[in-house]
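Single-structure report; data block below.
The values are calculated or read from the model by the stated rules, or taken from the named source; none is laboratory data. This is a predicted model, so every value here is computed, not measured. So basically every Cβ, Gly included, is an ideal-geometry build from the backbone, and we count neighbours across all protein chains shown.
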Amino acid sequence: MGERFANLRKIPKEPARRFLALSNARLSVKLTSPAAAPVETVLAELDGVSARSDMIRLLAAALPARECIWWGCLAAGDLVSEDAPLPPPLAAARAWVFKPTDETREAARLAAETADPDDETTLCGNAVAMHDGRLGTGEMAAHRAPAGAVGTFVFALNVMSLSRATPDTLAERYDMLIDRALDIARGGNGRPGAGAAQGIAP
């Protein structure tokens, strides 16, 4: 399997297929690994056939909500110009990651609701609002969110990040996005190679 997929301690020890089923996510390739194979094994299988999009889909389904949303925030940051302020939904989602309370959750939901129609980072705010399988706090908590909503939003954000690549840099961008998720799954901050990993906890 190699070191790339080792020590993904943030991902629960459940079969990869279970995560996919719970998220209503489907892979484009037919797996040959056993039905009970863990995420690490399936990632290695997908890597072996260069099914990078499926690797992103699986990681989006398997990462816990907070870690997954942080990964989505990093991808959303790829969509923002370096000299531009953070869009409100992205800023609010990042605030929730570092302080996951009802107040920061509601702030993220409202930021997404009131954002410009073309603001792609609304997916971050929506992911925060629905992170526990409900539509939000208060009265919204009585309503179920779509199954796998967080993974769907985060997968979409990573696909948007991929769209910023050129044909010559696409493979490199795929690997960067995957390595971010793997670093987060090991307890890092999603920036491998940027120094000692501090994780996403404040």
query: Which residues, counting only those in the range 45-57, are more than 15 Å from the chain's Cα centre (by Cα) and either under 20 Å from Gly151 (Cβ atoms) or among the polar types (S, T, N, Q) (or both)?
result: Glu45, Leu46, Asp47, Ser50, Ala51
task: May I ask you to verify whether Arg4 is of a type in the set (Lys, Arg) and in a helix (DSSP H, G or I)?
output: yes
Failed criterion for Ala111 (all others in (1) over 22 Å from Ser23 (Cα atoms); (2) at pLDDT below 95; (3) not acidic (Asp, Glu) hold): (2)
- request: For the range 94-110, state whether one or more residues are within 24 Å of Leu27 (Cβ to Cβ) and acidic (Asp, Glu).
  value: no
message: touching a Cys at 6+ places or on another chain (Cβ under 6 Å), within 23 Å of Ile56 (Cα to Cα), modelled with pLDDT of 95 or more and crowded, with 22+ Cβ neighbours inside 10 Å: is that true of Ala76 in this structure?
response: yes
statement: With criteria (1) touching a strand residue (DSSP E or B) at 6+ places or on another chain (Cβ under 9 Å); (2) surrounded by 17 or more Cβ atoms within 10 Å (Cβ to Cβ), Lys13 comes up short on (2)
- prompt: Residues Ala91, Ala76: which one is touching a residue at least 12 places away in the same chain (Cβ under 8 Å) and under 29 Å from Phe5 (Cα atoms)?
  reply: Ala76
- prompt: Which numbered condition trips up Asp83, out of (1) more than 22 Å from Arg9 (Cβ to Cβ); (2) among the charged types (D, E, K, R); (3) in contact (Cβ under 8 Å) with a residue 24 or more places away in the chain?
  reply: (3)
field: Condition met for Asp179 (in contact with a Gly (Cβ under 9 Å, 6 or more places away or on another chain), surrounded by fewer than 23 Cβ atoms within 10 Å (Cβ to Cβ) and in the same structural domain as Arg9 (by TED's automatic domain parsing))
entry: yes
- line: Just one listed residue, out of Ala107, Ala115, Ala93, is more than 16 Å from the chain's Cα centre (by Cα), small (Gly, Ala, Ser) and in a helix (DSSP H, G or I), and it is Ala107
message: Criterion first (part of a helix (DSSP H, G or I) and surrounded by fewer than 18 Cβ atoms within 10 Å (Cβ to Cβ)) does Arg18 satisfy it?
response: yes
message: Given (1) buried (at least 17 other Cβ atoms within 10 Å of the Cβ); (2) free of Cβ contacts under 8 Å to residues at least 60 places away in the same chain, identify the lone condition not met by Ile69.
response: (2)
